[in-house]
Amino acid sequence: MIEVKGLEYAYPGAARKTLHGLDFHIGRGEIFGFLGPSGSGKSTTQKILIGVLKGYAGSVQVLGQELRRISPDYYERIGVGFEFPNFYAKFTVMENLNLFRSLYSVPTEDPGRLLERVGLGDAVNFKVSQLSKGMKMRLNFCRAILHRPQVLFLDEPTSGLDPVNARLMKDLILEMKAQGTTVLITTHHMQAAEELCDRVAFIVDGQIKLIDSPRQLMLRQGSKTVRVEYRKGEELAAEEFALDGIGGNAAFLQLINRYPVETMHSQEATLEQIFMDTTGRSLT
Amino acid sequence: MRAMNALIYDIRFQFRHGFYAVYVLVSALYVLLLYYVSPDYKERTALLLTFSDPGAIGLILAGGIVLLEKDQGVHDSLFVTPLRLHEYLLAKALSIAAISTVSAWGIQVCAIGLPAAPVPFTLGVLLTSALFTLLSIGIVARARSINGFIWLSQLYSLPLAVPLLGLFQIGPSSLYRIFPTQGSLVLLGAAHEQVMIEEYLYALVVLSMGVAAAYGWAYRSFERRVLARIGKGADLT
């Protein structure tokens, strides 16, 4: 679906390159996360992938097309949801979707059905200027998938959403994946990446430092122990036990039988910690 | 079909932002003004008004529309659809030319009467409006604020007003013939006086060349200064 080889890019007039030879591929139906702090080059990479920046070196192929040669017909096949959900403020929610829908020649979704799906069924006739940021984000998602794109690019898709709507958005993204859509997410929210992405790439200073699945990273770089917090009289105590052979670990079994356990967690690494260990940088 | 849809939504956008209501009011004021102008000066005043307002309305209107679009950040969403830049520019030029034509005919018919040569008059309004609309889009692509746009629009449009001096017999009239707006004055003047066919042709050619140049400039400016910034959100300070 997406094949990138030796991608380099320098903005016109800039003395230094922003991207220094990126290589990666993303398969059909995969959710791929680009993680990095501001200024790392992830937005530049996304702009190249959506066809906005064309003066790059190397090769960037999406859906079999080299992007420096694409026409606007490319947008019949990809969907883009930017971090800032911008619409015609004096048009209603439905007018906005109908406007964008009218610009495609491929079959499109029924806007009413999409709005119902994202919980905006009652806001169809609201002017966009009346919507909250969270409602605009959901509308933004509807706009991006109106034409049933094969590849979907989402920039900070859960930004500005409350936990309920963030969950809804994640479910919708997973639904798109289940339908075979390839999704590329650009974010610095590790939790969303952990939950959604099949693979993530850490990008810093225009270079990819690591690509792997979040689960594998968290397991491999974490400690294979379980930490138990328990109540010992008035005192809150904690102990760690190796996960290997824990079912036959007498000390562990004795502890959980003898004391009231308050929490018990395996000690895999967090994606944020792995990012810092790998890149030496924080995500903010 | 896509260009037609872009045109329909542009008209709806202008209507929703109250541009048409304001323009009906402005046109009515012009008719009232012409009612009180002495018959000796009425036709020349009407020509000036038609040139500077229905004709050049695109300068303010297109700038205002694109500034509103920048403020609302809609270019980000619009140009990640199959919409072509030439369709976007065409929709702007045609939607504004339609207001110009209705307004120019309204002022002409209400204040003076039917134009002597309706076709050249209408072509004059349409092409002059398109010229200023495209010029305005080229300017607004460079502007980062409303004040910046107002300042730049005066600067860039001033040369196009030079042929107006010829209406008052000021300066060498032959020099004005290289300006596209001299073609506007010839075509708009056809509302009130007989014009030779050669003169019509000259006016159409020089004005069309001006429109083509303004289109190329607007296209390049928009491509380099607006489309290259896609993804950065609303862009107005």
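Most simply put, the protein assembly as shown has about 65% antiparallel DSSP beta bridges, counting only bridges with both residues inside it.
The phi-based Karplus calculation (6.51 cos²θ - 1.76 cosθ + 1.60; θ = phi - 60°) puts the 3J(HN,Hα) values of region A:102-117 at 5, 8, 9, 9, 7, x, 10, 6, 6, x, x, 5, 4, 5, 4, 4 Hz, whole numbers, x for Gly and Pro. The magnitude of the dipole of region B:1-44, with charges of +1 and -1 set on the Cβ of Lys/Arg and Asp/Glu and taken from the Cα centre, is near 220 debye. What is the list of residues in region A:40-81 whose amide nitrogen lies under 16 Å from a point 7 angstrom out from the Cα of B:Glu223, following Cα to Cβ? Zone members listed by number: A:51-56, A:68-73.
Take every Cα pair under 8 Å whose residues are at least 6 apart in sequence, average their separation, divide by the length of chain A, and the relative contact order is 21 percent. What residue among A:Ala144, A:Ala89, A:Ala14 has the largest mean-square fluctuation in a Gaussian network model of chain A, using Cα springs under 10 Å? Between A:Ala144, A:Ala89, A:Ala14, it is A:Ala14 that shows the largest mean-square fluctuation.
The Cα center of region A:121-182 and the Cα center of region B:1-25 differ in position by 28 Å. Evaluated with a Cβ-only charge set (Lys, Arg +1; Asp, Glu -1), region A:223-267 carries a dipole of roughly 120 debye about its Cα centre, given to the nearest 20. In a simple Cβ point-charge model (Lys, Arg +1; Asp, Glu -1; nothing else charged), region A:2-214 has a dipole of about 500 debye relative to its Cα centre.
Just so you know, the Rg over Rh for region A:2-214 is 0.96, from Cα atoms, with Rh as the Kirkwood radius. Ranking A:Ala250, A:Ala237, A:Ser223 by how far each Cα lies toward the positive end of the dipole of region A:223-267 (charges on Cβ) leaves A:Ala250 at the top. Summary value for region B:160-237: 24 percent relative contact order, contacts being C-alpha pairs under 8 angstrom separated by 6+ residues. Shape index of the protein assembly as shown: Rg/Rh, with Rg the Cα radius of gyration and Rh the Kirkwood radius from the inverse mean 1/r over Cα pairs, equals 1.14.
The separation of region B:92-168 from region A:1-62, counted between C-alpha centres, amounts to 43 Å.
Roughly speaking, what % of Cα-Cα pairs in region B:2-229 are separated by over 34 Å, rounded to a whole number?
Tail of P(r) above 34 Å: 14 percent of Cα pairs.
Entry note, chain A: the mean residue ellipticity at 222 nm calculated from DSSP H runs of n ≥ 4, each adding -39500 (n - 2.57), is -8500 deg cm²/dmol after division by the residues and rounding to the nearest 500. What percent does the relative contact order of region B:2-229 come to when contacts are Cα pairs within less than 8 Å and at least six residues apart? Computed over region B:2-229, the figure is 26 percent. Projecting the Cα atoms of B:Ala46, B:Leu67, B:Ser136 onto the dipole axis of the protein assembly as shown, where Lys and Arg carry +1 and Asp and Glu carry -1 at the beta carbon, places B:Ala46 farthest toward the positive end. Normalised by residue count, region A:223-267 yields a Cα convex hull volume of 57 Å³ per residue.
In summary, the helical segments of chain B meeting the span-like criteria, namely a full DSSP H run, a Cα extent along the axis of 24 angstrom or more and a mean Kyte-Doolittle hydropathy of at least 1.6, are B:19-36, B:118-142.
For a modelled paramagnetic label at B:Val109, 7 Å from Cα along Cα-to-Cβ, the residues of region B:6-36 in reach, with backbone nitrogen under 20 Å, are B:20-35.
Taken together, the values in this text are just the output of simple stated rules run on the coordinates, not laboratory data. The model shown is predicted, which means the values in this text are computed figures rather than measured ones. Glycine also receives a Cβ, built like all others from the backbone with ideal geometry; neighbour counts cover every protein chain displayed.
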